[in-house]
Amino acid sequence: MHRILEIISDLFVGWFYKKTAGYGALTDDDARINNLAVALGFAASACDGQMSEEEIHTIESWAKTNITTSNDTRNFHKAMTATKAFFHAGNNIDCSGICREITVKSPLAHRYRIIELCMKVVSADGIAKASELEFLRNLFIWLELNHTTVAMMMETFVPVNIQETPDAEFILGLDESMSEQDRYEKLNREYKKWNGRVTNNDNSIRIQAKKMIELISLLRNNSTANIAQRI
Amino acid sequence: MSTIAGIDLGTTFSAISILNSIGKPEILPNSDGERITPSAIFFDEENPDIIRVGIEAINSRYINSKRSVRWVKRHMGDNNYSVNIDGKNWTAVELSSLILKKLKQDASAEHGQIKDVVISVPAHFDEVRRKATMDAGKLAGLNVIGIINEPVAAALYYASTQTVSGKIMVYDLGGGTFDVTIMNVEGNNINIICSQGNHELGGIDFDKRIYEKIVECYKEQYKDSLINSDEDSAKYEDEAEDIKKTLSRREIAKKMIYGSSGNLRFEMTREDYEKSISDLLDQADMLIDIALEEANLSAKDIDKVLLVGGSTRMPVVQQRLKDKFGFAPEISVNVDECVALGAAIHAGLTLMSQDSTKVSAGIAGGLSSINLKDVCNHSYGTLCAPIDRETGQRIIANRVILSKNTVLPCQATQMFYTMEENQSEIEIIITQGEDADPRFVNRIAHKKLKLPKNRPAKCPIRVTYSYDLNQRMHCSFEDVESNKTLEVDLSLDEFSQLDEKQIEENSKDLAGFCVK
């Protein structure tokens, strides 16, 4: 983990200090958080053992917008190349440790930006594999985010129809602590929402909505069966 | 005076009824003497100008399924759907018009010219689908004076034939669609409270589960595929439907399946069948829960459950409703016919409100006491750019102005503000849907409102939407300071995929075909 962070820090943070000498601690943290976000983006890309061009491009665009400026591209490209090589070689980083640092230093809004980047990365090649979805689930826990908000972000950035093995509970924002009544109500709300989208003018949304309706009705069916069994 | 009729244009079956001389609706049998007509079409092989609609079309599917079409209703409003027969691409509207033409022809043969009709649609159909249904009627040479929601039509008929009062829930599970509607009924006064529905939940989905089971069993026994052609597929779809119907009467259904590798004795118990469709019925249960919540009611507040649609014959449907509401659902009206019968009553009421001279005194007398109050079927709003509370950034969001289930006629106003100094115009997008996220709502109109020059930001814009009893929406966007106003009228015609000229041309094309 530390090697990649050092690379990123040396190149990106070094550049940042030069440009922003005299900034306070919060800005220093912002720079560091953005670098850590890039590292997580790469980890998201590498977690299925393949780093596609589309995924790298997504990370690069995010990094360009959030870390560098157009007149300082040399160090930026150097950092990108080194980071790509690091992950291509099969190395990995301690994502939970990085997230721990992020949760201490960064406000909630920044943490949502980071998971958004990772969502965009895993969906960039048009399919979100099981390992990538597992990565996002972990990230949501490590970054201490709100399940409902993350579920809504998943709708937008990782639609169910591109998910290789959809985890219905995670997608719908359900968790084990919910009572049966709460689950029913939540499922009803989700059903209402997606049922209203099955006639959307956009075909991809219609497909997403039909898939979501299938998932919701299966969950409801499982809940009903469990209750019947208990009775 | 022409005959006033109501048509139930169903996914699997259709029916037509007329108002008799004293304003009572009656079903008109087709030329085969059947009271309902399969919504199936077959393009004759020997005579390309002949199109068969009904039972003959069903039977012909086994001979040449490529020339047959069923379940068109599922594709209403879908621009990408068409069926190519002899080089002509038939749209869902054109295909539906053939079914309507057959109904009209058979009815006219005995009762004179049928012209003014109301056609029923599922309650959850959006404007595009409603308009597509109207266009199909026009292509069939009908004067479509209105569209009525299927559960409302059923309730109209029910209330006109029985003494009813209290909160009624109409459970409409047909061949291809499901609707649940809650209404308050006091004698002949019917006030709709809310509707929910799914346009891909019905008999054909239940049949599919049996069909899949047959195919699976055959594969298991013979390690070979049962389905080797479209005709095989058509045949076993109908076998599956037959098994489903048997299971509504008996505990077990048995069928010999004659495949190319050998014969299979297929058996299915009612219990296994009910298990196989339980997730689909759970969807119907969820929609009931949602409708009850929208109506601010619980199951114990419902006084009666009225069944509509052939799929409600399944014992499991009736048992589930009994378990939920604590009483057996009402089965005193014919589930296949009540929608068409109610549509005819609505046609009479509509004609009376439009031009009472078109309705005979006898009919007017029969209908005069019926009073129906409907609600808005969808939410309508506009796109705006508020500041997101969480991120503090400006986002594009959909803001609902007129909410679904508001009693008609209705009107609602909201204030918005210009965003920039010297803003010269406002981009106005009218939406249909409840989502705040603009990606998930349909944009139904796009207009621009020019603004006076040299003004600061945050000038107020008053947006008012109203919706009348004839399903016409009026929107006004007023710059409060200058009184400059943009008025937008949206009737169902706005959603047409065909203009009048195209309808005329298509009608001429279709006139060349003989529907039998």
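What follows draws every value from the coordinates through simple rules; no lab data is involved. Model, not experiment: these values are computed from the prediction. Positions of Cβ are backbone-derived with ideal geometry, glycine not excepted, and every protein chain shown enters the neighbour counts.
Details
- If the chain linking B:Lys373 and B:Glu500 were pulled fully straight, counting 0.36 nm for each residue of separation and taking away their Cα-Cα distance, it would gain 42.7 nm.
- Average other protein chain Cβ within 10 Å of Cβ, residues B:74-81: 1
- Orientation-averaged projection of region A:74-175 equals 7.3 nm² [convex hull of Cα atoms, one quarter of hull surface area].
- Computed E for B:Glu34/A:Asn75 - FRET, C-beta separation, R0 56 angstrom, nearest 0.05: 0.10
- Shielding score for B:192-202, defined as the mean number of other chain Cβ atoms within 10 Å: 2
- Mean per-residue shielding of peptide B:280-292 is 5, counting Cβ atoms of other chains within 10 Å of each Cβ.
- 10 Å-binned pair-distance histogram of region B:380-482 (Cα, whole percent): 14, 44, 33, 8, 0
- A:Ala109/A:Asp175 FRET efficiency (R0 22 Å; Cβ-Cβ; nearest 0.05): 0.45
- For A:Ser204 and B:Ala361, the FRET efficiency from 1/(1 + (r/R0)^6), where r spans their Cβ atoms and R0 equals 51 Å, is about 0.35.
- Compared with the dominant principal axis of the Cα atoms in chain B, helix B:278-294 is inclined by about 30°.
- The alpha carbon centroids of region A:116-144 and region B:72-106 are separated by 44 Å.
- Relative to the longest principal axis of the Cα atoms of chain B, the long axis of helix B:500-511 lies at roughly 10 degrees.
- The distance separating the Cα centre of region B:441-473 from that of region A:190-206 comes to 25 Å.
- Stokes-Einstein D in µm²/s, Kirkwood radius over Cα pairs - chain B at 10 °C with 1.306 mPa s viscosity: 64 µm²/s
- Neighbour counts of C-beta atoms inside 10 Å place A:Glu214, A:Glu53, B:Glu267, B:Glu237 in the sequence A:Glu53, B:Glu267, A:Glu214, B:Glu237, starting with the fewest.
- Ranked by the mean number of other Cβ atoms within 10 Å of their residues, highest first, the peptides A:77-85, B:69-77 fall in the order B:69-77, A:77-85.
- Length available on full extension from B:Ser21 to B:Val407: 0.36 nm per residue minus the Cα-Cα distance, which gives 135.8 nm.
- Taking Cα atoms only, the orientation of helix B:230-249 departs from the longest principal axis of chain B by about 90 degrees.
- Were the residues from B:Asp224 through B:Lys322 laid out at 0.36 nm apart, the gain over their Cα-Cα distance would be 31.0 nm.
- Residues whose amide H comes within less than 5 Å of that of B:Val515, counting only those at least five positions distant or on another chain, are B:Ile51 (H built at 1.01 Å from N in the peptide plane).
- In this structure, the amide hydrogen of B:Ile190, modeled 1.01 Å from its nitrogen in the peptide plane, lies closer than 5 angstrom to those of B:Asn371, B:Leu372, B:Lys373, counting only residues at least 5 positions away or on a different chain.
- Measuring how big the protein assembly as shown is from its alpha-carbon positions, Rg and Dmax come out at 29.8, 94 Å.
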